[in-house]
Amino acid sequence: MSKGLSTPQAAAHAAEGLEGVVAAHTVLSDVDGQAGRLTIRGYAVEDLAHRAGFEDVAHLLLDGFFDAMPSDLAPALGAARVRAFAEVAALDEGLAKRDPVEAVRALIARLPDGDGLDTALLLIAAPAVFTPAVLRVAGGQSPVAPDPALSHAADMLAMTRGVPATDGEARALDAYLVTVCDHGLNASTFAARVVASTRAGLTSAVLAGISALKGPLHGGAPGPVIEMLDAIGTPDNAEAWLLNALARGDRLMGFGHRIYRVRDPRADALKAAIRQLAQNASLASNAVPGRLAFAEAVEQAALRILRERKPDRALETNVEFYTALLLEALGLPPASFTCVFAMGRTAGWIAHAREQLATGKLVRPQSVYVGPRTKAAA
Ligand code: ACO
């Protein structure tokens, strides 16, 4: 955009945070921030979350980007989980005690780079296998091997707990993975595409994606959502707590989005999945409906306050608010939430990496130098 312009003119065109800049054409997903719609390869995300499993949607994303794709991805992904488990031998207690996303990233970094379907499936399998292993080893337990016959979601829960999950729990995690599998050119997907454009390989692209995802302004937000809910404690305390947080200059986690000016459609898809989970009679306690009602009260207070305090910016609930509640209801610890996000999003990163690679073009934007002009050395 700034090609050939002198510095002051180019500076006028520089978009901080690349806001509003179009950096790719994609067939993968479309985020309509005005209408609050997310379309993944032609399907509304709510429909996919309701009707499709993660393996189906991963297939949908990868389709056309690899030769010889199997018609059913489930057996190949199950086999890839078994392959990924071999890397768990490298997990020692010191690594397991790190922030889980750092430990999972370190294990992913051990996987060889490549561009083929085998590498892609190994990378999609990796967070599902490494996250449970990290949690268990950090807690002094042995890792549990995958069962390739289970669904990706059911196997991840079984590897985490050491006992099988119920169908309702597996279905809830499945709905979550589908809901977060792709989302236009978000920060982590862009990072993955930049690395893919250098032809470094899919493992490198996924490592870039997970590194961008871990930040609290992106996929690191749901853990802090739980901290916020716990600090608020009761609905009566919500207003005062939220006002104090804003007065300190804090951001309310789980609210606001670069693209959405209305409610993030994924928030409702996840809320529906939590409701479904709460109706499941096999749940050990009825804590979930109570927690959901409390969170809804906090959400209403936050939206009211954000409208009052930030009238110039449409700040609505984003995906991370209900991500936090869903993953908490599944008994997953908040420290692992970003890893579980990566479990779903890796499929999107890989599809985008392959799409970027197919353009053959290196991503290399320009910057505007605003520092001092050349000085004579002293
Ligand atoms: N709480 C309070 N104020 C907010 C929030 C928030 N959650 N989000 C944005 N704002 C305010 C900013 O302070 C700023 O106000 P100002 O103009 O008075 O300074 C204004 O809104 C614009 O903020 P920007 O950072 O320029 O907007 P941007 O589009 O870059 O922000 C972001 C998007 C980073 C997600 C932001 O809304 C945020 O920090 N939210 C909280 C963290 C969060 O929930 N992250 C998860 C996002 S979803 C995902 O990535 C999967």
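Only one of the listed residues (ALA278, ALA293) is without any contact (Cβ under 8 Å) to a residue 24 or more places away in the chain, more than 15 Å from the ligand (Cβ to nearest atom) and in contact with a Pro (Cβ under 9 Å, 6 or more places away or on another chain). That residue is ALA293.
This table checks each residue for (1) within 21 Å of ALA170 (Cβ to Cβ); (2) out of contact with any helix residue (DSSP H, G or I) (no Cβ under 8 Å at 6 or more places or on another chain); (3) at pLDDT 95 or above.
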position: GLY20; (1), (2), (3): no, yes, no
position: LEU61; (1), (2), (3): yes, no, yes
position: GLY64; (1), (2), (3): no, yes, yes
position: PRO75; (1), (2), (3): yes, yes, yes
position: VAL104; (1), (2), (3): yes, no, yes
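Find the residue count for the range 193-210, including only residues that are within 14 Å of the ligand (Cβ to nearest atom) and either at pLDDT below 95 or not β-branched (Val, Ile, Thr) (or both). Within the range 193-210, residues that are within 14 Å of the ligand (Cβ to nearest atom) and either at pLDDT below 95 or not β-branched (Val, Ile, Thr) (or both) number 1.
For the range 282-328, a residue qualifies if it is within 30 Å of ALA158 (Cα to Cα), buried (at least 21 other Cβ atoms within 10 Å of the Cβ) and not polar (S, T, N, Q), and the qualifying residues are VAL288, ALA295, VAL319, GLU320, PHE321, TYR322, ALA324, LEU325, LEU326, LEU327, GLU328. Any residue at all in the range 332-347 that's modelled with pLDDT of 95 or more and of a type in the set (D, E, K, R)? Yes, the range 332-347 contains a residue that is modelled with pLDDT of 95 or more and of a type in the set (D, E, K, R).
Just one of (1) in a helix (DSSP H, G or I); (2) hydrophobic (A, V, I, L, M, F, W, C); (3) more than 16 Å from the ligand (Cβ to nearest atom) fails for LEU327. It is (3). Exactly one residue among ARG98, ARG83, ARG110 is assigned by TED's automatic domain parsing to the domain that holds ASP147, part of a helix (DSSP H, G or I) and over 17 Å from SER151 (Cβ atoms), and that residue is ARG83. In summary, ALA267 fulfils each of the numbered conditions (1) without any contact (Cβ under 8 Å) to a residue 60 or more places away in the chain; (2) crowded, with 20+ Cβ neighbours inside 10 Å; (3) away from the ligand (no atom under 11 Å from the Cβ) with the single exception of condition (3). From VAL180, VAL195, VAL206, which residue is under 15 Å from LEU325 (Cα atoms), in the same structural domain as ARG105 (by TED's automatic domain parsing) and either among the hydroxyl-bearing types (Ser, Thr, Tyr) or in contact with a Ser or Thr (Cβ under 8 Å, 6 or more places away or on another chain) (or both)? Just one listed residue meets the conditions, VAL180.
Put simply, of ALA138, ALA154 the only residue that is among the aliphatic types (A, V, I, L, M) and over 20 Å from the mean Cα position of the chain (by Cα) is ALA138. For the range 225-238, a residue qualifies if it is more than 8 Å from the ligand (Cβ to nearest atom) and either of a type in the set (Lys, Arg) or surrounded by 17 or more Cβ atoms within 10 Å (Cβ to Cβ) (or both), and the qualifying residues are ILE226, MET228, LEU229, ILE232, ALA238. Quick check on ALA377: is it among the small types (Gly, Ala, Ser) and either within 14 Å of the ligand (Cβ to nearest atom) or in contact (Cβ under 8 Å) with a residue 12 or more places away in the chain (or both)? No; evaluated as a whole, the condition is false for this residue. Is it the case, given these coordinates, that PHE255 is farther than 30 Å from SER151 by Cα and away from the ligand (no atom under 16 Å from the Cβ)? When the stated conditions are applied, PHE255 does not pass them. Flag: LEU246 does not match the condition of being among the hydrophobic types (A, V, I, L, M, F, W, C), crowded, with 21+ Cβ neighbours inside 10 Å, within 15 Å of the ligand (Cβ to nearest atom) and more than 15 Å from the chain's Cα centre (by Cα). Of all residues in the range 17-63, how many are outside any helix (DSSP H, G or I), at positive phi and touching a residue at least 12 places away in the same chain (Cβ under 8 Å)? Here the count works out to 2.
For the range 244-254, the condition of being in contact (Cβ under 8 Å) with a residue 40 or more places away in the chain and out of contact with any helix residue (DSSP H, G or I) (no Cβ under 6 Å at 6 or more places or on another chain) holds for none of the residues. Exactly one residue out of PRO132, PRO112, PRO146, PRO127 is closer than 30 Å to ARG199 by Cβ and surrounded by 22 or more Cβ atoms within 10 Å (Cβ to Cβ), and it is PRO127. Out of the range 197-224, which residues are surrounded by 15 or more Cβ atoms within 10 Å (Cβ to Cβ) and under 15 Å from LEU252 (Cα atoms)? Hits for the range 197-224 are HIS218, GLY219, GLY220, ALA221, PRO222, GLY223, PRO224.
The values are calculated or read from the model by the stated rules, or taken from the named source; none is laboratory data. It should be emphasised that the depicted structure is a prediction, and the values quoted were computed from it without experimental measurement. Neighbour counts are summed over all protein chains in view; Cβ atoms, including those assigned to glycine, are modelled from backbone coordinates with ideal geometry.
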